[in-house]
Amino acid sequence: DGRRRVVIERVKPEIDAGRFAIKRVVGDAVQVEADVFADGHDAVACVLLWRSLGTDRWSEIEMEPLGNDRWRGAFPVEQLGLYHYTVEGWVDRFRTWRKDLVTRIEANQNIEIELIIGAQLIEAAAQRAAGADRKELLEAARQLAQGPVDRRSSRALEAELAALVHRYPDRSLAVRYERELPVRAERERARFSSWYEFFPRSTAGAAGRHGTFADCEKRLEYVASMGFDVVYLPPIHPIGQSYRKGPNNSLTPGPDDPGSPWAIGSAEGGHTAIHPQLGTMADFERLVARARALRMEIALDVALQCTPDHPYVKEHPSWFRHRPDGTIQYAENPPKKYQDIYPLDFESDDWEGLWNELKRVVLFWIEHGVRIFRVDNPHTKAFPFWEWLISEVQAQHADVIFLSEAFTRPKVMYRLAKLGFTQSYTYFAWRNTKEELTAYFTELTQTEVREYFRPNLWPNTPDILTEYLQFGGRPAFVGRLVLAATLGASYGIYGPAFELGDNAPRSPGSEEYLDSEKYQIRSWQLDNPWSLRELITRINRIRHDSPALQQDAGLRFYPTDNPMILCYSKSSSDLSSVVLVVVNLDVNHTQAGWIHLDLDALGMHAGAPFQVHDELGDGRYLWQGARNYVELNPHTLPAHVFRLRRRVRTERDFDYYL
């Protein structure tokens with residue numbers, strides 16, 4: 001219809017023209033902006049429309065003008081699942097008429113005809129109204145149509161009348177944005193979580209003995225005492241015998257070597273079976289229940305690969321790629337060879353059967369109490385599969401969380417997040433300098449990426465022992481802990497290797513651990529006096545007490561005059577929670593310098609003194625103004641995590657701090 005004159009452009013947030021959903025958690029307000037305008041000088045009005053999946057009824061709220069034809073509105077997401085939103089706009093004839101009427105009156109022009117036009121517009125609004133509003137509008141139209149001009153013009157400009165007419169706009173020629181944009185509402189743990197990874201087989205009290213789920217229950221209390229809320233377990237399935245790896249990834253295992261948990265499948269079963277030495281399904285369900293009682297959740301590894309001994313190999317040979325000599329292609333990353341792993345072939349003629357079986361595996365563990373899955377190397381599986389699987393699972397279980405363990409090219413990592421992964425591993429482990437950290441986290445939190453990519457920061461994993469940790473000693477572990485726990489709302493550590501400072505590489509230049517738990521059972525001295533357990537407990541308590549640290553929004557970096565000092569803050573939108581962090585990135589030397597704060601952004605008054613309380617080291621400092629001095633010794637505590645307290649003077653001239 002050529003009469004529809006309104007234009008709607010640059011709707012934000014919008015991911016790839018609405019192809020993918022933005023991410024929020026229940027309780028969030030989704031803020032939407034758009035350019036809405038028309039030709040000429042007519043006033044326009046617009047509304048933000050939204051609805052949840054399963055209903056055709058739209059809710060709406062009027063959008064507010066920001067200037068330059070930009071409009072903003074917000075709506076709440078109040079339940080788990082998928083929502084859609086869009087924008088609708090129309091020419092507001094009554095508002096245009098009223099604006100012009102004011103101009104004509106100020107210019108002392110004859111407004112007789114204008115008042116008649118206004119009466120007609122009000123009468124038209126009455127036809128769209130009912131009850132008392134209809135009667136009042138009809139009476140107002142009559143009052144504008146006849147009588148003294150002064151009285152009629154005064155009635156025409158009454159704010160109450162304008163508000164009443166505004167409730168019944170003429171939207172017959174309204175324009176709706178061409179796309180309905182999706183948003184997925186998830187539970188709070190999708191945005192804020194603290195993860196701890198350990199190997200169940202290394203939890204036995206006696207060195208060399210294979211741990212059980214009963215041993216894991218005891219380990220849960222240790223993890224809970226540090227304040228973690230997600231316990232991630234590597235694969236708990238039977239391990240194959242064929243081409244089993246020995247200690248340090250050797251090809252010559254001994255008869256008692258346990259092999260790699262990621263080499264899934266044996267005569268005892270595959271992805272829905274439990275390693276016999278760990279226990280039974282009843283034991284596992286008891287572990288899940290115990291974690292829940294400790295206010296934690298068990299996260300399981302989803303590693304979609306098989307050993308030559310996996311039941312799938314015999315039952316579904318078409319799910320694997322075959323070489324010309326008839327053998328199945330094992331995993332390779334030339335020159336590396338992984339003869340103990342058969343990748344699944346997502347180009348199989350029976351791809352639908354493969355997809356459905358893998359969905360069955362995930363649903364199987366959901367039925368046994370698991371709601372969080374860490375997915376191993378998702379970038380080596382087909383993109384369409386992940387979009388389908390996550391959508392199918394969350395349609396039945398909207399509270400399920402998927403963490404993408406993809407260390408690969410940036411666009412691939414972002415695509416996986418768009419496809420539905422709740423959280424994602426990052427390059428954090430390899431970002432060490434002030435410039436690297438500032439640039440990377442600015443990208444993650446202050447660009448469109450923040451709408452769909454939720455970072456989960458890990459300073460170490462069983463596969464990653466960075467050079468920074470190998471040579472930095474205790475200061476490196478403390479510094480990386482503080483950075484991970486405060487730069488990101490979600491973070492994790494692989495323990496007890498992390499808190500005990502395990503930093504011996506398999507060989508020079510390698511990021512593999514010496515005597516890695518991936519290939520052998522380890523015994524850990526949890527009461528080692530070197531342990532960072534107490535510090536980890538404190539940092540997790542700070543996180544749980546600080547709403548600012550429970551989101552990725554609100555991150556802001558500040559200039560310092562020392563390249564080895566990184567300073568940043570995180571704040572809630574209303575500034576009711578503000579945390580200021582200063583980290584010495586030099587693991588060897590004391591570093592000092594001046595930081596330059598934006599007091600306005602921190603909710604502080606320029607010129608007024610304020611106290612900063614270091615909740616990590618418990619020091620208190622009185623600061624004033626934007627420029628303040630810091631000094632950090634890496635061998636005592638290489639970081640400050642400050643809570644800012646404003647100085648207040650009472651009527652009795654007594655100072656205290658908020």
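Give the residue that is least open to solvent (accessible area, probe 1.4 Å), with candidates limited to residues of the stretch 326-349 that are closer than 13 Å to I264 by Cβ and of a type in the set (S, T, Y).
So the first thing to find is which residues in the stretch 326-349 are closer than 13 Å to I264 by Cβ, and the list is 331, 338, 340-344.
After this cut, where a residue has to be of a type in the set (S, T, Y) as well, the list is 338, 342.
Working: Y338: 69, Y342: 33 Å².
Per the stated criteria, the residue is Y342.
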The stretch 391-427, residues that are of a type in the set (V, I, T) and surrounded by 19 or more Cβ atoms within 10 Å (Cβ to Cβ): V400, I401, T422, T426
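Considering only residues that are of a type outside the set (V, I, T) and not in a loop (DSSP other than H, G, I, E, B), look in the stretch 602-620 and name the one that is nearest to L532 (Cα to Cα). Before the answer, list the steps.
Filtering the stretch 602-620 down to residues of a type outside the set (V, I, T) leaves 602-611, 613-620.
Now restrict to residues that are not in a loop (DSSP other than H, G, I, E, B): 609-611, 613-614, 620.
Numbers: P609: 34, F610: 31, Q611: 28, H613: 21, D614: 18, R620: 23 Å.
Selected residue: D614.
Within the stretch 555-597, how many residues turn out to be farther than 23 Å from E631 by Cα and either touching a Leu at 6+ places or on another chain (Cβ under 9 Å) or crowded, with 20+ Cβ neighbours inside 10 Å (or both)?
So the answer is 3.
Okay, residues lined up against (1) free of Cβ contacts under 8 Å to residues at least 24 places away in the same chain; (2) of a type in the set (A, V, I, L, M); (3) open to solvent by less than 80 Å² (accessible area, probe 1.4 Å):
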position	(1), (2), (3)
G81	no, no, yes
D92	no, no, yes
E114	yes, no, yes
S154	yes, no, yes
L157	no, yes, yes
P169	no, no, yes
L181	no, yes, yes
Test: residue in the stretch 23-34 that is open to solvent by less than 30 Å² (accessible area, probe 1.4 Å), farther than 23 Å from K418 by Cα and touching a strand residue (DSSP E or B) at 6+ places or on another chain (Cβ under 9 Å): no
Residue list for the stretch 253-308, restricted to those being open to solvent by 50 Å² or more (accessible area, probe 1.4 Å) and either of a type in the set (V, I, T) or in contact with a strand residue (DSSP E or B) (Cβ under 6 Å, 6 or more places away or on another chain) (or both): T280
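Might you let me know whether the stretch 118-139 holds any residue that is within 30 Å of E188 (Cα to Cα) and open to solvent by 30 Å² or more (accessible area, probe 1.4 Å)? Spell out how you get there, then give the answer.
Of the residues in the stretch 118-139, the ones within 30 Å of E188 (Cα to Cα) are none.
Looking for residues that are within 30 Å of E188 (Cα to Cα) and open to solvent by 30 Å² or more (accessible area, probe 1.4 Å), one finds none in the stretch 118-139, hence no.
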Some residue of the stretch 507-515 being at pLDDT 95 or above, surrounded by 22 or more Cβ atoms within 10 Å (Cβ to Cβ) and not polar (S, T, N, Q): yes
Condition broken by D600, with the remaining ones in (1) under 30 Å from P475 (Cβ atoms); (2) of a type outside the set (V, I, T); (3) open to solvent by 40 Å² or more (accessible area, probe 1.4 Å); (4) modelled with pLDDT of 90 or more satisfied: (1)
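Among the residues of the stretch 1-59 satisfying the criterion of being of a type in the set (D, E) and without any contact (Cβ under 8 Å) to a residue 60 or more places away in the chain, which is nearest to A74 (Cα to Cα)?
Pass one, the stretch 1-59, residues of a type in the set (D, E): 1, 9, 14, 16, 28, 33, 35, 39, 42, 56.
Cutting the leftovers down to without any contact (Cβ under 8 Å) to a residue 60 or more places away in the chain gives us 9, 33, 35, 39, 42, 56.
Details: E9: 17, E33: 9, D35: 15, D39: 26, D42: 25, D56: 19 Å.
The residue in question is E33.
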Filter pass, Q624 being at pLDDT below 95, of a type in the set (S, T, N, Q) and open to solvent by 10 Å² or more (accessible area, probe 1.4 Å): yes
Residue in the stretch 1-22 that is nearest to E178 (Cα to Cα), counting only those that are assigned to a loop (DSSP other than H, G, I, E, B) and open to solvent by 30 Å² or more (accessible area, probe 1.4 Å): A17
Residue match in the stretch 195-216 (condition: more than 30 Å from Y338 (Cβ to Cβ) and open to solvent by less than 60 Å² (accessible area, probe 1.4 Å)): yes
Pair list, Cβ < 8 Å and 6+ apart or interchain, from the stretch 583-598 residues that are without any contact (Cβ under 8 Å) to a residue 40 or more places away in the chain and in a loop (DSSP other than H, G, I, E, B) to residues that are of a type outside the set (S, T, N, Q) and open to solvent by 50 Å² or more (accessible area, probe 1.4 Å): L597/R627
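Filter the stretch 43-56 down to the residues that are part of a loop (DSSP other than H, G, I, E, B) and either modelled with pLDDT of 95 or more or open to solvent by less than 20 Å² (accessible area, probe 1.4 Å) (or both) and list them by number. Full working, then the answer.
We begin by selecting, within the stretch 43-56, every residue part of a loop (DSSP other than H, G, I, E, B); these are 43, 53-56.
Once the filter is applied, which keeps residues that are part of a loop (DSSP other than H, G, I, E, B) and either modelled with pLDDT of 95 or more or open to solvent by less than 20 Å² (accessible area, probe 1.4 Å) (or both), the stretch 43-56 yields only A43.
The values are calculated or read from the model by the stated rules, or taken from the named source; none is laboratory data. Predicted model only: the values in this text are computed from it and were never measured. Here Cβ is always computed from backbone atoms with ideal geometry, including for glycine, and neighbour counts include all displayed protein chains. Heads up: the accessible areas ignore ligands, DNA and RNA and are worked out on the full protein's heavy atoms, side chains in. Shrake-Rupley method; radii C 1.70, N 1.55, O 1.52, S 1.80 Å.
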